[in-house]
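The next block holds one structure in the form of structure tokens; read it before the comments.
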Amino acid sequence: PVGYQKHTGTLSITNMSIADDRPLPDYSLNESNNLSVMFNLNSAVNPLPLTLTGSLGYTGNSAYRPLYDAALNPLGRDEITTGITMLNMAGTYKWFRDKRLATSAGFGYLGSANGEADAYEIDNNKFSLKFEIDYKLNSVTTFGGQLRFISYTDNANSVNDYTEPILGATVRAGF
């Protein structure tokens, strides 16, 4: 593309640790560590009236669960780390010279897993697709519509699986 291009990005890194200093046995303490990394990118692709956005992130959340012997006596604790992966991509195109009509399309992914194989297992993912349209009638009124499709799969407990289309309409008015 020819002309002024605008690309902005952010990188955020967050670390949080929760310590429990109560006088309790190790297996009863509520402690965790969380490390998150998120990258966002926004691009205006001139001369087209097109904006692209994307996000990619990962969170590692470490917590503890109690360990028991065969008689259910506490032995200690075991660390569980759940990894959460996020990905979102979308684009918006504004039509006509006055940009009164805008269409957006995108997809997203969110997945979590911890590698456990018992009651503490987490293994799920969610995919979503979206299509949106907005028409600006005048300086204060906008009409719009949305079509979204969501598919959720829980490999640890398949009774939670679902797939759903979502259809919506909006009217926005300023005053």
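The values are calculated or read from the model by the stated rules, or taken from the named source; none is laboratory data. All values reported here derive from a predicted model rather than from experimental measurement. Every residue, glycine as well, gets a Cβ built from its backbone with ideal geometry; the counts of neighbours run over all protein chains shown. To get the accessible areas, we keep the full protein, side chains included, count just its heavy atoms, and leave off ligands, DNA and RNA. Shrake-Rupley method; radii C 1.70, N 1.55, O 1.52, S 1.80 Å.
Note on Thr59 and Leu41: their simple-model spin labels are 2.3 nm apart, each label 7 Å out from Cα toward Cβ. Rolling a 1.4 Å probe over the protein heavy atoms of the chain, with every protein chain left in place, gives an accessible area that is 59 percent carbon and sulfur.
Simple rule: put +1 on each Lys or Arg Cβ and -1 on each Asp or Glu Cβ in the chain, find the dipole, and look at Gly83, Ile18, Phe96; the Cα lying farthest toward the positive end is Phe96. Looking at the chain, the accessible area is 67 square angstrom per residue; that uses a 1.4 Å probe and ignores ligands, DNA and RNA. Scoring 119-130, 14-25 by mean Cβ neighbours within 10 Å over their residues and listing the highest first yields 119-130, 14-25.
Pairs spanning more than 20 Å between alpha-carbon atoms, out of Lys6/Lys94; Lys94/Lys136; Lys6/Lys126; Lys6/Lys130: Lys6/Lys126; Lys6/Lys130. Spin-label model, Asn125 to Thr141: label points 7 Å out along the Cα-to-beta-carbon direction sit 4.5 nm apart. For the stretch 38-88, the square roots a ≥ b ≥ c of the C-alpha gyration tensor eigenvalues yield an a/c of 1.5 or more together with a/b exceeding b/c, which makes the shape prolate. Working ranking of peptides 37-44, 70-77, 95-102 by packing, defined as the average number of other Cβ atoms within 10 Å per residue, highest first, is 37-44, 95-102, 70-77.
Relative to the Cα centre, the charge distribution of the chain, modelled as +1 at Lys and Arg Cβ and -1 at Asp and Glu Cβ, gives a dipole magnitude of about 1640 debye. Each of Leu110, Leu48, Asn124 was placed along the dipole of the chain (beta-carbon charges, centred on the mean Cα), and the one lying farthest toward the positive end is Leu48.
Treating each Cα of the stretch 17-175 as an identical point scatterer and summing with the Debye formula, the log10 of I(q)/I(0) at q = 0.20 Å⁻¹ comes to -1.26. Once the Cβ-Cβ distance of Ser12 and Ala70 is raised to the sixth power relative to R0 = 41 Å, the FRET efficiency obtained is 0.35. Rounded if a/c is under 1.5, else prolate if a/b beats b/c, else oblate: with a ≥ b ≥ c from the C-alpha gyration tensor eigenvalues square-rooted, which is the stretch 99-175? It comes out prolate by the Cα gyration axes.
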